[in-house]
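The values are calculated or read from the model by the stated rules, or taken from the named source; none is laboratory data. What you are looking at is a predicted structure, and each value in this text was computed from that prediction instead of being measured. Cβ placement follows ideal geometry from the backbone for every residue including glycine, while neighbour counts extend to all protein chains displayed. Heads up: the accessible areas ignore ligands, DNA and RNA and are worked out on the full protein's heavy atoms, side chains in. Shrake-Rupley method; radii C 1.70, N 1.55, O 1.52, S 1.80 Å.
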Amino acid sequence: FGHDEWGAETERWAVAALLPTTVLLAPSDEYFHALSSNVALASAAAKAKARQHTALLRHLATLRIRRPLRRVAGTLIYLADMLGETCPLAAGLKLPLTQTMIASVAHLSRQTVNRELRRLHDGRQVCATRGMVCCLTTDGLRAIANASASLRRSSRPPSCKGLKPQAPLDCAPPHEAR
């Protein structure tokens with residue numbers, strides 16, 4: 001128990017994620033007691049917190065990048081690490097995000113994200129459709145974000161429409177599933 005801003009006694013709760021899809025809600029005293037008495041749980045909680053802070057620091061480092069192409073590539077890698085799932089349209093990771101959402105995370109305008117996604121598409125790094133971006137080569141995107149590789153334009157950019165889905169209708173973007 002603790003006290004709120006008016007001095008009334010309140011119960012405090014802590015949240016611990018056991019799996020990416022499971023959340024355990026427990027009083028904070030019980031949570032801290034479990035951490036202090038179970039070394040494996042304390043180690044897992046510390047590792048999860050370290051991964052969370054590492055991802056946040058990488059994202060903050062990405063936002064310091066001035067070139068929009070590198071910033072968009074870094075943001076896509078950051079989001080793919082958090083939200084990416086296997087892309088049914090091509091080899092790589094699928095991000096069910098709009099350009100507006102990517103722009104918000106990258107702190108860029110939607111128009112700039114659109115232009116840089118087109119450049120990444122022409123360079124065979126991503127395949128973008130309405131409401132979905134497939135990161136075709138995460139290693140290539142990492143190299144672009146870290147400025148260890150430049151983006152070469154290919155003569156034929158990849159086409160998402162020509163790729164056959166590996167799964168039924170759920171792989172189509174929302175506007176084409178009808």
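Within the stretch 116-133, restricting attention to residues that are in a helix (DSSP H, G or I) and of a type outside the set (A, V, I, L, M), which residue is farthest from the chain's Cα centre (by Cα)?
ASP122
Of everything in the stretch 68-89, what is at pLDDT below 90 and under 12 Å from ALA128 (Cα atoms)? Give them in sequence order.
CYS87, LEU89
Just checking, which of ALA143, ALA106 is without any contact (Cβ under 8 Å) to a residue 60 or more places away in the chain, surrounded by fewer than 21 Cβ atoms within 10 Å (Cβ to Cβ), of a type in the set (A, V, I, L, M) and out of contact with any Cys (no Cβ under 8 Å at 6 or more places or on another chain)?
ALA143 is the lone residue from the list that is without any contact (Cβ under 8 Å) to a residue 60 or more places away in the chain, surrounded by fewer than 21 Cβ atoms within 10 Å (Cβ to Cβ), of a type in the set (A, V, I, L, M) and out of contact with any Cys (no Cβ under 8 Å at 6 or more places or on another chain).
Report, by residue number, each residue of the stretch 64-79 that is surrounded by fewer than 20 Cβ atoms within 10 Å (Cβ to Cβ), in contact with a helix residue (DSSP H, G or I) (Cβ under 8 Å, 6 or more places away or on another chain) and under 21 Å from HIS53 (Cα atoms).
ILE65
What single numbered condition from (1) part of a helix (DSSP H, G or I); (2) more than 15 Å from the chain's Cα centre (by Cα) fails to hold for SER104?
The failed condition is (2).
May I ask you to verify whether VAL113 is modelled with pLDDT of 85 or more and in a helix (DSSP H, G or I)?
Spelling it out, VAL113 is indeed modelled with pLDDT of 85 or more and in a helix (DSSP H, G or I).
Okay, residues lined up against (1) touching a Ser or Thr at 6+ places or on another chain (Cβ under 9 Å); (2) at pLDDT 65 or above; (3) over 30 Å from ALA145 (Cα atoms):
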{"residue": "GLY2", "(1), (2), (3)": "yes, no, yes"}
{"residue": "GLY7", "(1), (2), (3)": "no, no, yes"}
{"residue": "THR10", "(1), (2), (3)": "no, no, yes"}
{"residue": "ALA16", "(1), (2), (3)": "no, no, yes"}
{"residue": "THR22", "(1), (2), (3)": "no, no, yes"}
{"residue": "ASP29", "(1), (2), (3)": "no, yes, yes"}
{"residue": "HIS59", "(1), (2), (3)": "yes, yes, no"}
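Would you check which residues across the stretch 90-103 are open to solvent by 20 Å² or more (accessible area, probe 1.4 Å) and either in contact with a Ser or Thr (Cβ under 6 Å, 6 or more places away or on another chain) or modelled with pLDDT under 85 (or both) and list them?
Passing the criteria: ALA91, GLY92.
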